[in-house]
Amino acid sequence: MAPGTVQLSIFQWNAMLGRYATAGQFEKTMEVFHQMQQEGMIPDGFTFVPVLNACSSSQALEEGKHVHEQIIQSGCESDVFVCNSLINMYAKCGSIEDAKRVFNRMATRNVASWNAMILGHVKCGQAQNALELSRKMQQEAVQLNAVTFVGILNACASIAALEEGRHVHEQIVQNGFESNVFVSNSLIDMYAKCGAIEDAQRVFNKMPTHDAISWTAMILGHVKCGQAHKALQLSHQMQREGVKPDHVTYVGLLNACANVLGLEEGKRVHEQIIQSGCKSDIFVSSSLIDMYAKCGSMEDALKVFSKMPTRDVVSWNALLGGYAMHGHAKEAVGQFEQMSQEIIEIDGVTFVALLSACSHGGFVDEGLWYFESMGSVYGVSATVEHYACMVDLLGRAGHLQEAEDLIKMMTGKQDSAVWKALLGACRIHGDLEMAQRIAKQVVKLGT
């Protein structure tokens, strides 16, 4: 330390780490963490918590593991708050097995420990494990709180476990958490995602106040249940009551407009998005492209796309899907080539749109080349949807035998939908002999 330099206390270092971590400044948090140690300050439990939180927010798994090593060396691994932060960090970084190891080694756990594991399993797509944990938690007489119920409801929503969700709802009422806005919002979301929109409406109606999340959950629920007009009505009511939509609300409204081909309503929503300042949100912009494309205005879709400062695979897929939908095969192929040059991570959805465009445009050779290059060039595995596109492409062009040979090459279980696509092509081209043979295959696989 240089002469005249003031020595900061551990409290001051920890306060600084907390500020940077809360502000989401990962690099600065780690810089301060390393600097304090270089100046001879030994970290304590209050040091490690914000550092782990910073690693969680940035999904910096390797950094988090290094911090874990220091925690073990410092003897802070027995600190329940540090362990909870470790579980949270590992879960958010997608390493649920590491989170599990920390949890299993804990001598004592509190409700936050269980909540971190439940939410971690939900985030990692292991909803059943999350539900099993919640049951074990109750067996061990740990008192559930609002965060626990939110985690359990999210698990039920992710696997559409309606009956389990209803049972959880009963527990929520018994424990007096029904008035908690976060729990009620999660209930609405769970019921909506399980297709029980009337149950969602009942929860919504009982709430003394609604925030943007409550309204958005109802709007998204109605869209999911095929009630787009009702979703749009709700958005008008939401704004009459002075609740401002957020970017998630706008995504739901744009999906509603796309579902009912409501171009004028979609344009009104677009104006609101510009006024709200949400136009720079990549998810909103991608939904705008999708809405304009589905409503038949590719010109507007392209305008939105061209004004985006950054684009991801969803943005490109929305535009590509629009060209495919309207039979603009040449434009779709051109967009795909540009997408490839910009090093965008191409996925299976991209190829469904591209192959569909080739099919509608009669681009047989191009479609065959792209299908062959999916795995070898782009590292994307062909699914039933891709095979269905290829059967449609070959069938439209009258290459019925090639289409049948392609189906027989499918890896895994063959799907009746693919054979049905070929059956339709047989009828169009009048090949009754093949149609009879294919019809038997469809019946064999089940409709």
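The values are calculated or read from the model by the stated rules, or taken from the named source; none is laboratory data. The structure displayed is predicted, hence computed values, not measured ones. In this analysis, Cβ positions are derived from the backbone assuming ideal geometry, glycine residues included, and neighbour counts consider all displayed protein chains.
General observations
- Unique match (being surrounded by 18 or more Cβ atoms within 10 Å (Cβ to Cβ) and among the aliphatic types (A, V, I, L, M)) among Ala160, Ala146, Ala127: Ala127
- Flag for Gly321 being touching a residue at least 24 places away in the same chain (Cβ under 8 Å) and either assigned to a loop (DSSP other than H, G, I, E, B) or in contact with a Gly (Cβ under 6 Å, 6 or more places away or on another chain) (or both): no
- Residues satisfying the stated conditions in segment 61-120, i.e. touching a Ser or Thr at 6+ places or on another chain (Cβ under 7 Å), surrounded by fewer than 20 Cβ atoms within 10 Å (Cβ to Cβ) and closer than 17 Å to Met30 by Cβ: Leu61
- Tally, over segment 144-159, of residues that are under 10 Å from Ala127 (Cα atoms) and not in a helix (DSSP H, G or I): 1
- Where Phe46 falls short, out of the listed (1) touching a Lys or Arg at 6+ places or on another chain (Cβ under 6 Å); (2) under 21 Å from Ala116 (Cα atoms): (1)
- Screening Asn129 with (1) outside any helix (DSSP H, G or I); (2) in contact with a helix residue (DSSP H, G or I) (Cβ under 9 Å, 6 or more places away or on another chain); (3) free of Cβ contacts under 8 Å to residues at least 12 places away in the same chain gives one miss only, at (1).
- Failed condition for Gln275, given (1) over 20 Å from Trp316 (Cα atoms); (2) surrounded by fewer than 20 Cβ atoms within 10 Å (Cβ to Cβ); (3) modelled with pLDDT of 95 or more: (3)
- Boolean, Ser56 is among the small types (Gly, Ala, Ser), at pLDDT 95 or above and either over 33 Å from the mean Cα position of the chain (by Cα) or assigned to a helix (DSSP H, G or I) (or both): no
- Matching option when the condition is without any contact (Cβ under 8 Å) to a residue 24 or more places away in the chain and either within 28 Å of Lys267 (Cβ to Cβ) or of a type in the set (Ser, Thr, Tyr) (or both), among Gln237, Gln174: Gln237
- Residue in segment 238-252 that is surrounded by the most Cβ atoms within 10 Å (Cβ to Cβ), counting only those that are β-branched (Val, Ile, Thr) and in a helix (DSSP H, G or I): Thr249
- Residues in segment 22-36 that are on the phi < 0 side of the Ramachandran plot and either in contact (Cβ under 8 Å) with a residue 12 or more places away in the chain or surrounded by 14 or more Cβ atoms within 10 Å (Cβ to Cβ) (or both): Thr22, Gln25, Phe26, Lys28, Thr29, Met30, Val32, Phe33, Met36.
- Matching entry among Ser134, Ser95 (being of a type in the set (S, T, N, Q), touching a residue at least 12 places away in the same chain (Cβ under 8 Å) and within 19 Å of Val51 (Cβ to Cβ)): Ser95
So that you can scan it fast, the table gives a plain yes or no per residue for (1) of a type in the set (Phe, Trp, Tyr); (2) assigned to a helix (DSSP H, G or I); (3) more than 24 Å from the chain's Cα centre (by Cα):
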| site | (1), (2), (3) |
| --- | --- |
| Gln7 | no, no, yes |
| Lys28 | no, yes, yes |
| Pro50 | no, yes, yes |
| Glu63 | no, yes, yes |
| Gly94 | no, no, no |
| Glu97 | no, yes, no |
| Ala107 | no, no, yes |
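- Subset tally (residues that are over 23 Å from the mean Cα position of the chain (by Cα) and buried (at least 24 other Cβ atoms within 10 Å of the Cβ)) for segment 316-334: 3
- Among the conditions (1) within 30 Å of Arg135 (Cβ to Cβ); (2) more than 19 Å from the chain's Cα centre (by Cα), the only one that Ala192 does not satisfy is (2).
- Elements of type helices (runs of 4 or more DSSP H) contained in segment 169-237, each with 2 or more residues being within 24 Å of Asn255 (Cα to Cα) and of a type in the set (Val, Ile, Thr): 197-206, 212-224
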